[in-house]
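A short reminder: the numbers here are calculations on the coordinates, not readings from a lab. Source: prediction; values computed, not measured. No Cβ is skipped: glycine too gets one built from the backbone with ideal geometry, and neighbour counts run over all protein chains shown.
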Amino acid sequence: MFSADASLLIQIVWLILLLLMFTGLYQRIQIKLWILVIKSKLNVIKSVLEEDKNRVKNMLRNMGLSTPEELVSRLLDFFIIEPVSIEPTDIIKRMDHLLRVTESTFKQVVGRYLPSLGKHERSLAESSLSIVAAIGLIYRVLRHYAIQSEKEENYILLMQLMYLMPQILRVVKTYHEALDSFMYGKPIGDGVGPLVAYTLSEKCNITSRRVVDDTSVLEAVYENRRLIIVKAEGPGSNVGHPGAVISRIVEELGGRVDMILTVDAALKLEGEESGLVTEGVGAAIGDPGPEKIAIERVAAKYNIPLRALVVKMDIREALTTMRKKIYDSVGVVVENIERIIKENVPEGSTLIVAGIGNTMGIPG
């Protein structure tokens, strides 16, 4: 009797499974479950966005802006339209122009609302608003695809969203954590390049200082060599324009530069150690293109060797307050710079060392 009941039950289960498969009900149930999960993750991102918007509004109120809602709403959806790429002629020049107009417009808008703040304090407000805008963009794009895929019952798109959600949530949480650093001007992992430049300058005999295009240029003497140290102007949240400045310096010197050495943070691969210092060739700078190509062009024009040192870290370490492992790597990088100079740059020569990255919280 028991075996007959079990056999009947198995047949019923198989019949239900066949009905689900051949009628498409299984897929519809799967879609509904995925939609529920995606919407729950979207609600998490929305709550993070609202929390960070309120934090930035309170920050702006403390800076003297009584009604920050207008500024936040104005810059939250601020966008940049990429240049036409179907015709690549002068695309880098056009991209550089658009990036600089975006940067200057953002600064002008914030400056108009907060005219009494100093340059460095305003930069913290600008960066904080940029972080909230980035979270807002992620939320709006995901919401768009979630609604679209639900309307069209697009199984493939829903599946992609479902499996990408954990990775996207990690990025959102990283931005959320990074906001604290940018609101209070704490050095972040991406500032390892500028910190190396500052540390190196402290060991040298500085002969001149100047600021060009939001970028500090320090000239020094290092063991009978002319050393030009380039970094973004600090201590505000600033990445400067190191590529354009290096190109200008080389042209001013008529190409008489024996080496250009760039130092930057680099995303590590899974399994690699944070703070690992590696050496290579090329321009270590992670901009959209204009700054990097400016260095490459001037180096190729005058046949100047391009050397690079990078400090490995993950995206969370790059955007949040600098960890001890990253800070400890600064001394290792400086030692590597000194070794490269002694091995490859003869006395009486000129070299440029550029610390690439956000110089927030780092003087100079």
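Mean silhouette area of segment 97-196, derived from the convex hull of its C-alpha atoms and averaged over all directions, reads 9.1 nm². What the Cα convex hull of segment 52-141 gives, in volume per residue, is 95 Å³. Taking 22 Å as the limit for the C-alpha separation, the pairs K151/K173; K268/K292; K46/K173; K57/K324; K107/K268; K39/K173 exceed it in the case of K151/K173; K57/K324; K107/K268. Note on R323 and F79: the model spin-label points, each 7 Å out from Cα along the C-beta direction, lie 3.6 nm apart. Close amide-amide hydrogen proximity is noted between Y222 and L227, each under 5 Å apart and 5 or more residues distant or on a separate chain (H modeled in the peptide plane; Pro and chain starts excluded). Dividing the Cα radius of gyration of segment 189-355 by 2.2 N^0.38 Å, with N the residue count, gives 0.96. Whole-Hz Karplus values for segment 216-223 come out as 7, 10, 10, 9, 8, 10, 10, 6 Hz, taken residue by residue from phi with 6.51 cos²θ - 1.76 cosθ + 1.60 and θ = phi - 60°; glycine and proline positions read x.
When you count the other C-beta atoms within 10 angstrom of each residue and take the mean per peptide, 152-163, 232-243, 278-289 line up highest first as 232-243, 278-289, 152-163.
State which helices in the chain qualify, where a helix is a whole DSSP H run, it must extend 30 Å or more along its own axis by its Cα atoms, and its mean Kyte-Doolittle hydropathy must be at least 1.0. Span-like helices in the chain: 2-23. In this entry, segment 23-184 is assigned a mean projected area of 12.0 nm², taken as a quarter of its C-alpha convex hull surface. Kirkwood radius and radius of gyration were both taken over the C-alpha atoms of the chain, and their ratio Rg/Rh is 1.12.
The largest-to-smallest principal axis extents of the Cα set in segment 310-364 are 40, 21, 16 Å. Here is how the number arises for the chain: DSSP H runs of 4 or more residues each give -39500 (n - 2.57), the sum is divided by the residue count, and the result at 222 nm is -20500 deg cm²/dmol. Rounded to 0.05, the FRET efficiency of the A300 and K119 pair, given R0 = 35 Å and the Cβ-Cβ distance, is 0.50.
With a cut-off of 13 Å between beta carbons, the residues surrounding I31 carry a summed charge of +1, where Lys and Arg count +1 and Asp and Glu -1. Its alpha carbons considered, segment 206-255 gives a radius of gyration followed by a Dmax of 11.2, 34 Å. Please give the net charge around T350, taking every other residue with its beta carbon less than 14 angstrom from that of T350, where Lys and Arg add +1 and Asp and Glu add -1. With Lys, Arg at +1 and Asp, Glu at -1, the net is -3.
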